[in-house]
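Q: Please find one structure pasted underneath; my questions will follow.
The values are calculated or read from the model by the stated rules, or taken from the named source; none is laboratory data. Remember, it's a predicted structure, so these values are computed and weren't measured experimentally. In this analysis, Cβ positions are derived from the backbone assuming ideal geometry, glycine residues included, and neighbour counts consider all displayed protein chains. Keep in mind that these areas ignore ligands, DNA and RNA; they rest on the heavy atoms of the full protein, side chains included. Shrake-Rupley method; radii C 1.70, N 1.55, O 1.52, S 1.80 Å.
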Amino acid sequence: MNALIVVPTTTWYLMLSAVLFTIGTVGVLVRRNPLVMFMCIELMLNAVNLTFVTLGRRLNDIDGQAIVFFVLVVAAAEVVVGLGIIVAIMRRRSGITVDDLAELKG
Amino acid sequence: MELFVFVCATAMIIVGALGVVLRKHPVHAALSLVLTLFGIAVMFVAQHAEFLAAVQVIVYAGAIVVLFLFVIMLLGVDQVENLKTEPLAGQRWIAGVVGASLLGLLAAAIYTGADSVVSRGDGIASNVVGDNPDANIQQLASSIFSDYVMAFEVTSILLVVAVVGTVLLSRRRTAGKS
């Protein structure tokens, strides 16, 4: 009876975070709205956080959770600065996509 | 039981992530992001990271997504994005190829490296297993405030820089000043 109960292994969690990271990558490549691209970057960060926690449990080490704490703080700071830049750009030229920001093109 | 939790949380995460990528409306994408973040929090609880699950809900779902919604509201960019037309020729196709190859690469790395992972470290105290109900928070705190206290202090500098930078970026230039 006990053999029938399937327990999710480390590989399952790692595959889930790989799928989540891939979805985030494809979103960044496909979408043109800078806000939605930022959300896709958050998806990728969350996939990495899930990997850290999973391997922290697998390796029986609390450091995996400690580094997720720092990733959360850096992600919050990154979102604040990134949204500030987006607001500053959008205020000058409304309704643009990332394809319109090509001033540095030679 | 853990299998049931895993399947439900996986469904939440995948549906939310696909919603972020495929929804035309930015507000709908932000709300799909909340679904994914809650799914990740459930995964944290399932892996005995109770404190991180609470922080995930408070910081991500409570602060970051609200910030996204505020910016969407502030800028009035909530018009529907036309997903039918392709801005760059062949972009979707190449993005699909890149995504598939990235997923294949990650899956190959996971399957080849899964056996080489060996357990080390001092062990993780859990709220569920241990006698002490605060074991996870106490162990995490002793790790952050002893082993990684330098990184913790640098984090405070980073937050100050982010706040000052954002205030400077979003300040409206007044006439007469540079």
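Q: Which one of these is more than 7 Å from every other protein chain (Cβ to nearest Cβ), surrounded by 11 or more Cβ atoms within 10 Å (Cβ to Cβ) and modelled with pLDDT of 85 or more: B:D147, B:D134, B:D122?
A: From the options B:D147, B:D134, B:D122, the qualifying one is B:D147.
Q: Go through (1) touching a helix residue (DSSP H, G or I) at 6+ places or on another chain (Cβ under 7 Å); (2) within 30 Å of A:T9 (Cα to Cα) one by one and return the number of the condition A:L59 breaks.
A: (1)
Q: Please work out if B:A17 is open to solvent by less than 40 Å² (accessible area, probe 1.4 Å), over 25 Å from A:I89 (Cα atoms) and modelled with pLDDT of 90 or more.
A: yes
Q: Output the residues belonging to segment B:24-60 that are part of a loop (DSSP other than H, G, I, E, B) and either within 12 Å of the chain's Cα centre (by Cα) or surrounded by fewer than 21 Cβ atoms within 10 Å (Cβ to Cβ) (or both).
A: Selection gives B:K24, B:H25.
Q: Being touching a residue at least 12 places away in the same chain (Cβ under 8 Å) and open to solvent by 40 Å² or more (accessible area, probe 1.4 Å): is that true of A:F38 here?
A: Judged against the criteria, A:F38 is not a match.
Q: Now for a separate question. Condition first: at pLDDT 90 or above and facing chain A (nearest Cβ under 8 Å). Now tell me which residues in segment B:68-93 satisfy that.
A: Hit for segment B:68-93 is B:F68, nothing else.
Q: The conditions are (1) at pLDDT below 90; (2) out of contact with any His (no Cβ under 8 Å at 6 or more places or on another chain); (3) more than 7 Å from every other protein chain (Cβ to nearest Cβ); (4) open to solvent by 60 Å² or more (accessible area, probe 1.4 Å), and B:V7 fails exactly one of them. Which is it?
A: (1)
Q: Moving to a separate point now. From the set of residues in segment A:26-71 that are outside any helix (DSSP H, G or I) and of a type in the set (D, E, K, R), which is nearest to the other protein chains (Cβ to nearest Cβ)?
A: A:D61
Q: How about segment A:72-99: which of its residues are part of a helix (DSSP H, G or I), more than 7 Å from chain B (Cβ to nearest Cβ) and farther than 17 Å from A:M39 by Cα?
A: A:I89, A:R91, A:R92
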